[in-house]
Ligand SMILES: [Zn+2]
């Protein structure tokens with residue numbers, strides 16, 4: 001297997017989920033062994049922020065990386081789309097702190113990368129491997145992620161939020177070739193109560209959430225629903241059977257578990273190189289994912 005990059009520049013614009021900033025991402029081809037790097041073109045000197053786990057500075061609402069105090073928020077969906085496109089080397093210009101959320105999936109980014117064209121490079125691709133099974137366990141969250149040595153890559157994710165509307169569910173990716181169709185369109189989701197808290201603390205800017213999946217656990221007074229709906233520019237608002245806000249429907253019955261798988265693929269790209277092995281995760285999240293990546297690095301073959 002050879003390393004790959006894109007054949008020409010490709011750009012995407014939109015609004016960041018948490019900052020509400022409008023921004024543009026431009027992917028540029030990069031030489032072999034370059035890896036995935038961001039370049040903050042809006043900051044003096046256009047500093048580079050490498051997509052590596054040692055640069056993770058925050059995992060509270062997405063994975064944020066920083067180098068020399070310069071941040072790039074919510075990198076996981078970009079990294080997942082690069083993995084899905086099988087791209088090793090790329091320089092990503094970004095003109096704000098947070099990349100556009102788009103529909104909360106990796107679908108459009110992956111499509112953009114593929115439209116630019118993917119090309120093999122001279123250099124061989126090196127795959128990482130673990131010596132023995134590696135497990136990360138977080139007793140408080142109840143999260144557990146394991147990778148077992150293998151000659152191929154596959155991933156299985158199970159979630160359980162102790163919720164009546166978001167039932168325990170799992171998702172499987174047997175081959176990265178299935179990522180585009182099975183995983184990349186799966187959107188991020190949020191519980192209504194969590195959404196209210198985020199809005200109240202100004203941690204999320206409305207308007208761009210028109211396609212997000214919102215699970216409503218408890219009975220919510222109509223006035224409260226309308227107030228939130230207004231913030232998100234939704235006209236009439238109600239709740240589907242199954243507890244989902246009626247601005248959208250699920251692409252897959254287990255779309256939330258598939259999205260968690262997407263996030264884990266993206267966070268594991270912070271290893272810097274693709275890895276072989278079988279990954280099994282229960283209740284993954286960005287904190288656990290990135291701690292898991294660090295543990296893998298300590299146990300590489
Ligand atoms: Zn995500």
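Rule-based calculations on the coordinates, nothing more; no lab input. All values derive from a computational prediction rather than experimental measurement. Glycine also receives a Cβ, built like all others from the backbone with ideal geometry; neighbour counts cover every protein chain displayed.
Values as computed for the structure displayed
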read-out: CD proxy at 222 nm, helix term only [per DSSP H run n ≥ 4: -39500 (n - 2.57); per residue of the chain; nearest 500]; value: -6500 deg cm²/dmol
read-out: The range 2-126, relative contact order in percent, only Cα pairs under 8 angstrom and at least six apart counted; value: 40
read-out: Residue exposure sequence - 8, 107 - by fewest surrounding Cβ within 10 Å; value: 8, 107
read-out: Radius, Kirkwood style, for the range 2-126 when every pair of distinct Cα atoms is counted (Å); value: 14.4
read-out: Relative exposure of 38, 153, judged by other C-beta atoms within 10 Å (fewest first); value: 153, 38
read-out: C-alpha long axis of helix 222-231 to longest principal axis of the chain, angle in °; value: 40
read-out: Sites residue 251 and residue 44 - FRET efficiency at Förster radius 41 Å, r taken between beta-carbons, to 0.05; value: 0.50
read-out: Percentage relative contact order, the range 72-168, counting C-alpha pairs under 8 Å, at least six apart; value: 19
read-out: GNM flexibility winner over the chain from 64, 290, 26 (Cα, springs under 10 Å); value: 26
read-out: Distance (nanometres) between label positions extended 7 Å along Cα→Cβ at residue 31 and residue 194; value: 4.3
read-out: Listed residues 263, 42, 93, most fluctuating in the chain (Gaussian network, C-alpha, under 10 Å); value: 42
read-out: Debye log10 I(q)/I(0) for the range 20-68, one point scatterer per Cα, at q = 0.16, 0.20, 0.23 Å⁻¹; value: -0.56, -0.86, -1.08
read-out: Size of the range 105-232 as Cα extents on the principal axes (Å, biggest first); value: 59, 41, 24
read-out: Separation between Cα centres of the range 243-296 and the range 3-22, rounded to whole Å; value: 20
read-out: Cα pair distances of the chain binned at 10 Å [whole percent]; value: 6, 28, 36, 22, 7, 1, 0
read-out: Relative contact order of the chain, pairs being alpha-carbon contacts under 8 Å that are 6 or more residues apart, as %; value: 25
read-out: Choice from 89, 175, 247 with maximal GNM fluctuation in the chain (Cα, 10 Å cutoff); value: 175
